[in-house]
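Just below is one structure, and these are the notes that go with it.
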Amino acid sequence: MEKLKLFGLIGESLKHSFSERYFKQKFVKENLTTCDYRNFELDSVDEFPKLIQLFPELQAVNVTMPYKEKILKYIDVLDEQAEKIGSVNVVVIKRYDKKTVLKGYNTDAYGIEVTLLNTLKSSINNALVLGTGGAAKAVVYVLEKFGINYQLVSRKNNNSVKYLYQDLSNRVLNEHNLIINTTPLGMFPNVNSAPDIQYKYLGKEHILIDLIYNPSLTKFLKQGKEMGATVVNGQEMLTSQAEKSWEIFCSA
């Protein structure tokens, strides 16, 4: 009898996550009877090594916030793209007689690239990236690949940040017609929160992309849509990166 192949998602709060439902449905649809997928909520990324020991059948995991960067200290081998981005959302677990080797990948960039290719119908010169976490790093990687100038926006000042939210004047927003939210603001169940920008200065020349998929229309997107902006949620990105993750699970 073939052994169970277990896959999973690690993160801090996973009650409303997409991955477990998506992969379980995939396994049923494709008759992958020896595969299973589970959520593993960790209070700290430092619980990850113990998780690997507890579940010897665990083959690979997806990684979600806030651990996409924190997981790096446990990765033995980084895929070239993940190394350039500095963020990992897929970890493949290779078990040998006397050691376990963890290899890290980033499929967020692939999902973002698919979304941008299907969204950008005309040339975009400048973008604002809201947030500075692991997802933002993947967005920046893709924007650089597309040759789109970008500026990071954060609540706190640091060397990589050009603007704080209070700096986003009418002029700044008019100069940046692509705005991508990589923060968790507006994610279920906190649906009444949104990045603190002056939505009144947005118009039909703007494209707003939110990496959040639940709800499908976040407050960020809703306010942009009311001003005539094109809005896109994170569903396509999520589905694309999940399929790319599965390719890695199967081939690594």
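Every number in this text was worked out from the coordinates using simple rules, so none of it is lab data. Because the structure is predicted, anything quoted here is derived from the model rather than measured. No Cβ is skipped: glycine too gets one built from the backbone with ideal geometry, and neighbour counts run over all protein chains shown.
For Asp76 and Thr119, compute 0.36 nm times the residue count separating them, minus their Cα-Cα distance, and round to one decimal in nm.
Values: separation 43, 0.36 × 43 = 15.48 nm, distance 3.59 nm.
Additional length available on full extension: 11.9 nm.
Report the antiparallel proportion of the DSSP beta bridges in the chain as a percent, rounded to a multiple of 5.
20
Amide H of Ile212: which non-local residues (sequence gap of 5 or more, or other chain) have their own amide H closer than 5 Å, using H built in the peptide plane?
So Ile212 has HN proximity to Gly234.
Return the aspartates and glutamates within reach of Lys99: Cα separation strictly under 16 angstrom, same-chain partners fewer than 8 residues apart disregarded; answer none if there are no such residues.
Within the straight-line cut-off, Lys99 pairs with Glu57, Asp76.
Given the convex hull of the Cα atoms of segment 109-237, what is a quarter of its surface area in nm²?
Averaged projected hull area, Cα only: 7.0 nm².
Which lysines does Lys26 reach when only Cα atoms under 17 Å apart count, and residues fewer than 8 places away in its own chain are ignored?
Cα-Cα hits under 17 Å: Lys5, Lys244.
To the nearest 10 degrees, how steep is helix 19-29 against the longest Cα principal axis of the chain, on a 0 to 90 scale?
Helix 19-29 sits at roughly 60 degrees to that axis.
Distance cut-off 29 Å, Cα to Cα: go down the list Lys70/Lys94; Lys68/Lys204; Lys121/Lys200 and report the pairs above it. Kindly include the intermediate steps, with their values, before the conclusion.
Working: Lys70/Lys94 20 Å; Lys68/Lys204 34 Å; Lys121/Lys200 24 Å.
As for pairs spanning more than 29 Å Cα to Cα, those are Lys68/Lys204.
Using only helices, what value at 222 nm comes out for the chain when you add -39,500 (n - 2.57) per DSSP H run of length 4 or more and divide by the total residues, to the nearest 500 deg cm²/dmol?
The per-residue figure over the chain is -9500 deg cm²/dmol.
May I ask for the longest run of the chain untouched by trypsin sites (Lys or Arg not before Pro) that are loop-located per DSSP and have at most 11 neighbouring C-beta atoms (other than their own) within 10 Å?
Longest run free of exposed loop sites: 16-97.
Under the definition of Cα pairs under 8 Å and six or more residues apart, what whole-number percent is the relative contact order of segment 188-252?
Answer for segment 188-252 is 33 percent.
I'd like to know how the chain sits against the 2.2 N^0.38 Å rule of thumb: what's its Cα Rg over that expected value?
On the way: Rg = 18.9 Å, N = 252, 2.2 N^0.38 = 18.0 Å.
Dividing the Cα radius of gyration by 2.2 N^0.38 Å gives 1.05.
As an exercise, identify the chymotrypsin sites (Phe, Trp or Tyr not before Pro) in segment 66-146 lying in DSSP coil whose Cβ has no more than 10 other Cβ atoms within 10 Å. Present the calculation step by step, with values, prior to reporting the outcome.
Numbers: sites: Tyr67, Tyr74, Tyr96, Tyr105, Tyr110, Tyr141, Phe146; in loops: Tyr67, Tyr96.
Hits after loop and neighbour filter: Tyr96.
Jot down the per residue volume, in cubic angstrom and as a whole number, of the convex hull over the alpha-carbon atoms of segment 10-128.
Dividing the Cα hull volume of segment 10-128 by its residues yields 149 Å³.
Hey, rough spin-label estimate for Lys29 and Lys3, points 7 angstrom out along Cα→Cβ, what's it come to in nanometres?
2.9
Between Glu205 and Lys145, what FRET efficiency comes out of the Förster formula 1/(1 + (r/R0)^6) with R0 = 25 Å and r the beta carbon distance, rounded to 0.05?
It comes out at approximately 0.60.
Tell me, what HN-Hα J-couplings in whole Hz come from the Karplus equation 6.51 cos²θ - 1.76 cosθ + 1.60 at θ = phi - 60° for each residue of segment 55-69, using x for Gly and Pro?
Whole-Hz 3J(HN,Hα) from phi for segment 55-69: 10, x, 8, 6, 9, 6, 9, 8, 10, 10, 4, x, 10, 5, 9.
Of the listed pairs Lys15/Lys137; Lys15/Lys98; Lys29/Lys137, which have alpha-carbon separations greater than 27 Å here?
Table pairs above 27 Å Cα-Cα are Lys15/Lys98; Lys29/Lys137.
If the cut-off is 14 Å between C-alpha atoms, which aspartates and glutamates fall inside it for Lys73, apart from same-chain ones fewer than 8 positions away?
Excluding near neighbours in sequence, the set is Asp46, Glu47, Glu83.
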